[in-house]
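The values are calculated or read from the model by the stated rules, or taken from the named source; none is laboratory data. Predicted, not measured: the structure shown is a model, and the values here were computed from it. All Cβ positions, glycine included, derive from the backbone under ideal geometry; neighbour counts span all protein chains shown. Heavy atoms of the whole protein, side chains included, go into the accessibility calculation; ligands, DNA and RNA do not. Shrake-Rupley method; radii C 1.70, N 1.55, O 1.52, S 1.80 Å.
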Amino acid sequence: MVTITLPDGSQRKFDAPLTVAELAASIGAGLAKAALAGRVDGQLVDTSHRIDTDASVAIVTERDPDGLEVIRHSSAHLLAYAVKELFPDAQVTIGPVIENGFYYDFSYHRPFTPEDLAAMELRMAEIARRDEPVTRELWERDDAVRYFESIGEKYKAELIAAIPADQPISLYREGSFVDLCRGPHVPSTGRLKVFKLMKLAGAYWRGDSNNEMLQRVYGTAWTRKDDQDGYLHMLEEAERRDHRRLGRELDLFHLQDNAPGMVFWHPRGWVLWQQVENYMRRVYQDNGYQEIRCPQILDRTLWEKSGHWENYKEHMFTTSSENRDYAVKPMNCPGHVQVYNSALRSYRDLPLRYGEFGACHRNEPSGALHGIMRIRAFVQDDGHIFCTEDQILDECIAYTALLRKVYADFGFDNILYKVATRPDKRVGSDELWTKAEDALMESLRRSGCEFAVSPGEGAFYGPKIEYTLKDALARQWQCGTIQVDFTMPERLGAEYVAEDNTRRHPVMLHRAIVGSMERFLGILIENFAGAMPMWLAPVQAVVVTISEGQDEYARIVAQTLKKQGFRVQSDLRNEKINYKIREHSLQKIPYLLVVGDKERESGQVAVRARGGANLGPMSLEAFIERIADDVAQRRHNPLA
């Protein structure tokens, strides 16, 4: 007798063991047809899995997140099957599920082409239409090694040979194709209906640059065509918003090989930078932070004391002078402790909040660099709060409120919160860890924030809150953080005089709101597709003339606006007005002020807002009032 407990708590009893597929059929023909896999006592399994003891079982369909995972996993194998039919000499290696899809790496004697990619996708669809059963087989390891060696699949043989000899090898067979996999997979290839191959790339075998370069084929797979269409549209929109392309088109910045991972900011891009920095500087001033500036290069001994030399040296740029070793700072924390240590501190001085727009350098691998999102030289809106243990909770509550306001001002209202707790390898007593973790979680509760917990993902010195924002395409960007550190102040000799006249080590809260300024600017550019809000726009308005007869009036208009503190340019070129309007519209300027003889004589401007809206003629005073309100309200859309 086997008793099955279903997700709704109901139970079904069977006289003999049965498969997941048979269980689904006993519940209903519709569920049997929809079943992709099962979850038995929490473990994801094939529908062919045999249940021979009492168990809790859920039938997995395409409506379940696990169902999409199974579909994507099976689609990777479908791709490998198609490649082997089209290119019998190709060798298969590994093909995992990734976010929104899958990939598979192949070894082949020539590079695959876009035409090959199209052929692979067509063959995948053909195999899916065959609706071939997908079955799981258990082999002895050595038998599996010999099998794959016999068919020329040396990579699979190598993978299997590394598995302990007493561990059964799970293989999946679909038609003539056999592959190593832990599973589970869909019951048959016909269950795979919505997929698309996306691109080709290179990848080293086992991620080692000393090994052969393989060819990676990326794909995406979904349960519904509408979902895939939405995803493909999102990718097209992301391409349109790509900060690297917009950086060139809007003349904001560029990168070049002479300074890999380092940004050359152009005048308009630097104006944008300054708006963000000046805003954050006001945030410092209005919230009790004292802005400081620390050296770029510090002696090796300080990095040894802080622990960075031992744990982070490979990511640091180093130099030497007069028989002394130095490192270019990869982070600002040790320098801030030195400022703290420059005077004797009392408990009355705490909390003490320092902020710095600190330039940092990290020796990131060249393959990991990506536009201005991941670079080697960057500036952080870095802050450190020195406080007592009893002040941690209040400081964290205040910080979360501040971060939410800042993100809202930049147009981000959807924030995700995660608390990363103590890892196995850590320093400090469990009592201190509990105090810090409880304070972080309680601070989010009191802030009205739902949060997830990531066990074991804290830093070795303390737990942290990670703040992740969602952009206009619902992409997630982890920017803000606050970390509780009991260790560095002690390692670097930071102390304060307590109320009982004893010397104690302060707690150090590491915090950043935007994180890397460069990365945050990249996020802003993509979020707004380059059409920056009025308060951030490098150029807020352009005065354009219809003919040279309005040049002097246009200069007066531009100068008047500049005196009011607005960023304005004038276009007096001898070009047709439609050409000028189109050119500046492509530059995503918030407002265009067209002046002709009529506007000059009436002392007005004809206003066009970004997006082509014609707001008609208005006095210069009325326009100034309008854009001043846009800036003051940090309005994200000039027409809002």
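Across region 103-227, Cα-Cα pairs farther apart than 23 Å form 43% of the total.
Around the Cα centre of region 479-551, unit charges on the Cβ atoms of Lys, Arg, Asp and Glu (plus for the first two, minus for the last two) sum to a dipole of about 280 debye. The calculated 222 nm mean residue ellipticity attributable to helices in the chain amounts to -11000 deg cm²/dmol, summing -39500 (n - 2.57) over DSSP H runs of n ≥ 4 and dividing by all residues.
Only lysines eight or more places from K425 in sequence, or on another chain, were considered; those with a Cα closer than 26 Å are K305, K313, K329, K435, K464. The translational diffusion coefficient of the chain, from Stokes-Einstein at 37 °C and 0.692 mPa s with a Kirkwood hydrodynamic radius over alpha carbon pairs, comes to 111 µm²/s. The ellipsoid that matches the Cα gyration tensor of region 550-606 has semi-axes, each √(5λ) in whole angstrom, of 17, 16, 10, with the longest given first. The Cα trace of region 292-392 gives Rg and Dmax of 15.4, 49 Å, the first to one decimal, the second as a whole number. Computed with the Debye formula from one identical point scatterer per Cα of region 148-305, without solvent, the log10 of I(q)/I(0) at q = 0.11, 0.13, 0.16, 0.21 Å⁻¹ comes to -0.91, -1.01, -1.15, -1.44.
Were the residues from K563 through R146 laid out at 0.36 nm apart, the gain over their Cα-Cα distance would be 142.0 nm.
Loop-located trypsin sites (Lys or Arg not before Pro) in region 46-136 (DSSP state other than H, G, I, E, B) with a sparse environment of at most 15 neighbouring Cβ atoms within 10 Å: R63. Relative to the longest principal axis of the Cα atoms of the chain, helix 114-130 runs at roughly 40 degrees.
Each label point was placed 7 Å from the Cα along the Cα-to-Cβ direction; for S366 and S342 their separation is 4.0 nm.
Taking 24 Å as the limit for the C-alpha separation, the pairs K199/K588; K154/K196; K84/K196; K13/K193; K13/K33; K193/K418 exceed it in the case of K199/K588; K154/K196; K13/K193; K193/K418.
Using a probe of 1.4 angstrom, how much of the accessible area of the chain is carbon and sulfur, in percent? After summing per-atom areas, the C and S share lands at 47 percent. Its residue count N sets the reference 2.2 N^0.38 Å, and the alpha-carbon radius of gyration of region 90-158 equals 1.33 times that reference.
Per residue, the chain exposes 47 Å² of solvent-accessible protein surface, assessed with a 1.4 angstrom probe and all protein chains in place. Relative contact order of the chain, taken over Cα pairs closer than 8 Å and 6 or more residues apart, is 8 percent.
The alpha carbons of region 517-640 give a radius of gyration and a Dmax of 14.3, 47 Å, in that order. Share of pairwise Cα-Cα distances greater than 17 Å in region 422-515 is 58 percent (whole percent). Of all segments of the chain bounded by GluC sites (Glu not before Pro) found in a DSSP loop with no more than 15 other C-beta atoms within 10 Å, the longest spans 323-449. The Rg/Rh ratio for region 18-63 is 0.92, where Rg is the radius of gyration of the alpha carbons and Rh is the Kirkwood radius.
The Rg/Rh ratio of region 129-187, with Rg taken over Cα atoms and Rh as the Kirkwood radius over Cα pairs, comes to 0.99. Could you name the aspartates and glutamates whose alpha carbon sits less than 15 Å from that of K405, not counting residues in the same chain fewer than 8 places away? Qualifying aspartates and glutamates at Cα under 15 Å: D286, D413. Heavy-atom accessible area, probed at 1.4 angstrom with all protein chains present, ranks K470, K199 as K199, K470, highest first. For region 75-82, putting each phi into the Karplus relation 6.51 cos²θ - 1.76 cosθ + 1.60 with θ = phi - 60° gives couplings of 5, 4, 5, 4, 4, 4, 4, 5 Hz, in residue order, rounded to whole numbers and with x for Gly and Pro.
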